[in-house]
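Right, one structure below, let's go through it.
Derivation of every value follows stated rules applied to the coordinates shown; laboratory data play no part. Just so it is clear, the model here is predicted, and its values are computed rather than measured. Using ideal geometry, Cβ is built from the backbone for each residue, glycine included, and neighbour counts are taken over all protein chains shown.
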Amino acid sequence: MQIFDVYPKVPIQLVNADKYYVFDKNDNKYLDFYGGNAVISIGHKHPHYIKSIYKTLKSISYYSNLIEIEQQNELSNKLATLSNCIDYNLFLVNSGAEANENALKIASFYNGRKKIISFKKSFHGRTSGALSVTDNLNFQSNFNKNNNVIFLPINDKESLYKNCDESISAIIIEGIQGMGGINEIDSSFMQAIRKICDKYNIIMIVDEVQSGYGRTGNFFAYQLHNIKPDIISIAKGMGNGFPIGGVIISNKIKPIMGYLGTTFGGSYLACSAAIAVLDIIKKENLINNAKKIGLYFTNQAKSIKIIDNIKGKGLMIGLCFKNYDIKYIHNTLLMKYKIFTGLSGDHKTLRILPPLNITYKEVDYFLNILDQKL
Ligand SMILES: Cc1ncc(COP(=O)(O)O)c(C=O)c1O
C-alpha cells in the first residue's frame with residue numbers, strides 16, 4: 001500500500017527539531033519560518049511540553065467523554081484567563097476543520113437557519129461543511145458544494161448590508177485571512193459584521209485557527225477590533241503539533257445534551273499538550289514576543305529592495321515581492337538557504353509563520369538572506 005498522493009512534496013525528511021530549527025536525516029539544519037503551517041507556537045521540543053505529555057502517557061492517556069475529564073476544566077479555565085474570553089464555554093475537537101464544522105452546526109441549531117455568509121479568499125478546512133464555506137472551487141467536490149453559502153469580498157460593507165437578513169444563520173470570517181494571502185480585516189468591517197449579526201440574530205463566527213493563540217501579538221486577532229464574536233474556532237497553535245481543536249461558544253448559546261460529540265476530542269493526552277502550551281505562552285510571555293519581534297521584522301523588511309509590500313500582524317506576516325516568482329523565492333530559500341517559509345493561495349504572497357519564541361537574531365539572519373543573496 002502506498003500513501004494516497006495528494007500533497008506536492010519537497011524531498012526533505014526531517015528527523016529532529018529544536019526551538020525554531022528542524023534537522024533532516026543528512027544533518028542539515030533548517031530555520032523554521034513556517035512552523036509547519038502556523039502550528040508550532042511554543043517552539044519545537046519544548047522540555048515542559050514533553051514532560052507534560054509524558055507524565056500523562058504514564059498515567060492515563062485516553063478514555064471516552066462518557067466520564068469527567070478534569071484536565072478539560074483546567075484547559076478551559078487557563079484558556080479563558082489567557083485569552084480573556086470569560087463568558088464563553090469550550091467544546092473540544094481534533095482539528096481546525098472540525099472546529100468550524102461544529103461552529104456552523106451550533107449556529108444552525110441556535111437559530112434554525114441554514115444560509116451562511118463567508119468571504120472571498122477564505123479557507124476554513126477540508127471537511128464538508130468547512131469546505132463549503134471555503135472560497136476555492138478546486139477543493140470542492142459536488143458532494144459538499146451547496147447553494148447555502150454566499151461569498152462576499154472582505155472589507156466591503158455595502159455588499160455585507162445588501163446580503164444580510166433574517167435568513168442568514170452565520171457569518172464566518174478569519175481573524176486575518178491566512179491561506180488567502182495574509183489579508184487583514186478592517187476594524188470598521190469587523191464592527192459592521194457584529195452590528196448586523198445583532199440586528200438579524202445571526203451568529204458571528206471568527207475562525208482563529210491560524211491567526212489565534214498569540215500569533216498576531218494579541219491572543220486572538222479579532223481582539224484588535226473591539227468586538228466579541230459569538231463563536232471562535234481554534235486549533236493549530238493550540239497543541240503545538242498535538243492534534244487538538246476547539247470551539248469557544250458564547251454563554252448566550254445554551255448546550256443541548258447530546259447534540260455534539262467526538263471520540264478523541266478533549267482526551268487526557270490532548271489536554272496535557274494544550275495545557276502545557278498555555279503555561280509556556282504565559283510563562284515565556286510569547287504573545288508579547290510575537291508583537292515585539294513581528295514589529296521589528298516588519299520595520300527591518302521595509303528597507304529590503306525586492307520587497308514590495310508587507311502584510312499582517314505580529315508573527316503572521318505576508319511578504320510580496322517585486323517582479324519575482326514566489327515559488328522561486330520559496331524554493332530557493334528552502335533548498336539553497338535552508339529556510340522554511342509558506343506559500344499561500346495568493347501567488348504574490350509568501351507567508352512567514354515562525355514559532356512565537358524566535359528572537360531578533362533569526363529575523364536578522366533571514367532578512368539578510370533576502371536582502372543580500374536573492
Ligand atoms: C483559518 C483556517 N481555518 C481552518 C483550517 C483547517 O484546519 P485543519 O487543517 O486543522 O483542519 C486552516 C488550516 O490551514 C486554517 O488556516
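Check each of the GluC sites (Glu not before Pro) in the stretch 21-119 and keep only those in coil by DSSP with at most 16 other C-beta atoms within 10 angstrom; list them in order.
GLU68
Pull out the extension gain between SER59 and ASP27, defined as 0.36 nm times the separation in residues minus the alpha carbon to alpha carbon distance; nm, one decimal.
Length difference between fully extended and current span is 8.0 nm.
Give me TYR259, TYR200, TYR20, TYR268 sorted ascending by neighbouring Cβ count inside 10 Å, so fewest comes first.
TYR259, TYR200, TYR268, TYR20
Scan the stretch 137-207 for GluC sites (Glu not before Pro) in coil per DSSP, keeping those whose Cβ has at most 14 other Cβ atoms within 10 Å, and list them by number.
Of the GluC sites (Glu not before Pro), the ones in loops of the stretch 137-207 whose Cβ has at most 14 other Cβ atoms within 10 Å are GLU166.
Relative contact order for the chain: what percent, with Cα pairs under 8 Å and sequence separation of 6 or more?
23 percent
About the Cα centre of the chain, what is the dipole size in debye to 20, counting +1 per Lys and Arg Cβ and -1 per Asp and Glu Cβ, all else neutral?
So the magnitude is around 440 debye.
Kindly state, to the nearest 0.05, the FRET efficiency for ASN309 paired with PHE151, given R0 = 30 Å and r defined as their beta-carbon distance.
Between ASN309 and PHE151 the formula returns 0.80.
Compute the distribution of all C-alpha to C-alpha distances in the stretch 47-283, in bins of 5 Å from 0, and list the percent of pairs in each, rounded to whole numbers.
Percent of Cα pairs in each bin: 1, 7, 14, 19, 20, 16, 11, 7, 3, 1, 0, 0.
Could you give the length gained by full extension between ASP198 and LYS105, i.e. 0.36 nm per residue of separation minus their alpha carbon distance, to one decimal place?
31.6 nm
Label 7 Å along Cα→Cβ of LYS282; the stretch 239-266 residues with amide nitrogen under 18 Å?
239-240
Roughly how many whole Å is it from the C-alpha centroid of the stretch 1-56 to that of the stretch 275-291?
A separation of 19 Å, based on Cα centres.
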